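Here's the structure, in C-alpha cells; my notes come after.
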Amino acid sequence: MATSPVMVEVDLWGSGRLAGHLRVPQSRDDSGWGTIQVPIVVIANGTGPTVLLTAGNHGDEYEGQVALLDLARTLPAEEVQGRVILLPAMHYPACAAGKRLSPLDGRDFNRCFPGDPFGGFALSLAHFVDSVLLPLCDVQMDLHSGGTGMDIVPSAVGHMLDHPEMQARTLAMADAFGAPVTLLLKEVNAGPTLLAAAENRGVVALSSELGGGGRLNPRALAITKRGVRNVLRHAGVLQGKPEIGEYGHPRRMTVPDLGHYVFAPADGIWEAAHELGAAVQADAPAGLLHRIEDPTAPPIALSYKATGLLWCVRHAGRVKAGDPVAVIARDL
Ligand SMILES: [Zn+2]
C-alpha cells in the first residue's frame with residue numbers, strides 16, 4: 001500500500017457489508033491529533049471486479065450522495081460478485097457544509113488530484129483515493145450534479161480520450177448508466193480531477209451531471225439510483241442487464257470544445273433566453289446580462305456560438321465575469 005497518513009478503519013479486503021471511516025489527520029488549535037472522519041462502506045462477496053463509487057466530491061451536489069447512501073443500506077452483499085467501495089460523502093467537510101468548496105481551506109476537491117500525502121486535508125485525501133483506492137479498481141464513477149450554480153440535463157459524462165479502446169469502454173459504461181444523455185466532455189481544467197486520475201491509472205472512469213440548483217431533484221435521484229446499479233450490472237458485479245429508463249436509450253452527445261460555452265464578459269444578473277434542454281441555434285440570443293452599476297445602459301446581449309441542446313444553464317442569478325452561463329451539447 002502506498003504511503004499515506006490516512007487511516008482506513010474498514011477492511012478493504014474483507015467480505016460482507018463493512019462500514020467505517022477513513023480518518024484523515026486535521027490538526028486544530030484545540031486538537032493537535034484531530035482527524036476528520038470520511039464515511040466508507042465496502043460491500044464484497046466472492047471474486048469479481050472492484051467498482052469505486054464516489055459522491056460528495058462537491059458538497060452541494062446531492063443526487064449522488066443520496067443514491068450512494070441508498071446503495072450502502074440496501075445492496076445485498078450476497079448479490080455482489082466482487083467488491084463495491086462507496087464514498088457517499090467523499091469531501092466530507094464540504095458535504096457537511098452543503099458547499100462546493102472546502103470550508104477548511106477553500107479548495108475544490110476535484111482540482112486536488114493526484115494529491116499530496118502531507119499537503120493538508122484535501123490533498124492528503126485525494127492522494128489516498130488516487131494511490132490506495134484507484135489501484136484496486138476496475139471501474140470508477142464519480143457522481144456530480146450542477147451544484148448551486150448550474151442546472152444540467154441528467155447525463156453520464158466521460159472525457160474525450162486519445163485511446164480508442166478506453167474511449168469505447170467509457171462510452172459503453174456511460175450508456176449502461178442509462179441517463180437521458182451520454183456525454184463526452186472537453187472539461188474546463190480537467191487535469192487535476194478524480195476522473196483524470198482514474199484514467200491515468202487505466203481505470204474505466206465516468207462522471208455524471210445530474211441536475212443542480214443546490215437542490216435534490218427527485219427525477220434526477222431516480223435516474224442516479226438506477227444508474228449506479230446499472231454500472232454494477234455492466235461491470236459484472238451484479239447479475240442482469242442494465243435497465244433502460246422511461247426516456248429510452250441515452251442520446252449520445254458531446255461538448256467538443258470551449259466554443260460550445262457562453263461566458264459572461266462582466267459581473268451581472270443573468271437572464272437566460274431558454275429553459276434547460278431547449279434546442280438552440282448558433283448566433284441566436286442566449287440571454288441578457290443586467291448590470292446594476294449603470295442603470296441607463298442596456299443589458300449586455302450574449303449569443304450562442306453553437307447549435308444543439310442547451311445542456312447546462314446558469315441557475316444562480318448572480319454571475320461574475322468569466323462564469324459560464326450556458327453550455328451547448330451536440331449529437332456525437
Ligand atoms: Zn461537481
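Every read-out reported here was derived from the displayed coordinates using simple, explicitly stated rules and does not represent laboratory data. Just so you know, these numbers come straight off a predicted model, no measurement behind them. All Cβ positions, even for glycine, are placed from backbone atoms using ideal geometry, and neighbour counts span all protein chains on display.
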Exercise. For region 259-331, what's the relative contact order in percent, using C-alpha pairs closer than 8 Å and at least 6 residues apart?
Worked result: 44 percent
Problem set entry | By average C-beta atoms within 10 angstrom, highest first, the peptides 303-313, 261-271 | 303-313, 261-271
Seminar exercise, completed: Taking every other residue with Cβ under 13 Å from the Cβ of residue 299 and scoring Lys and Arg +1, Asp and Glu -1, one gets -3
For this session: Quick one: order 249, 21, 260 by neighbouring beta-carbon count within 10 Å, fewest to most.
Result: 249, 21, 260
For this session: Could you list 50, 182 in order of exposure, starting from the residue whose Cβ has the fewest other Cβ atoms within 10 Å?
Result: 50, 182
For this session: Could you sort 57-67, 275-285, 209-219 so that the peptide with the highest average Cβ count within 10 Å comes first and the rest follow in order?
Result: 57-67, 209-219, 275-285
Seminar exercise, completed: Listing 224, 54 by rising number of other beta-carbon atoms within 10 angstrom, fewest first, gives 54, 224
For this session: Excluding residues on the same chain fewer than 8 positions from residue 225, give the lysines whose Cα lies under 25 Å from its Cα.
Result: 99, 241
Exercise. When only Cα pairs under 8 Å and 6 or more residues apart are kept, what is the percent relative contact order across the chain?
Worked result: 16 percent
For this session: Using only Cα atoms, locate the centre of region 134-199 and the centre of region 29-55, then give the distance between them in Å, rounded to an integer.
Result: 21 Å
Problem set entry | By average C-beta atoms within 10 angstrom, highest first, the peptides 190-200, 95-105, 124-134 | 124-134, 190-200, 95-105
Exercise. Tell me, what is the FRET efficiency for residue 190 and residue 78 to the nearest 0.05, using R0 = 25 angstrom and their Cβ-Cβ distance as r?
Worked result: 0.05
Problem set entry | Net charge of Cβ neighbours under 12 Å - reference residue 263; Lys, Arg +1; Asp, Glu -1 | +2
Seminar exercise, completed: Computed over the chain: longest principal axis from alpha-carbon atoms vs helix 164-177 long axis, angle to nearest 10 degrees, is 90 degrees
Exercise. Against the longest alpha carbon principal axis of the chain, how many degrees, from 0 to 90 and to the nearest 10, is the axis of helix 218-235 turned?
Worked result: 50 degrees
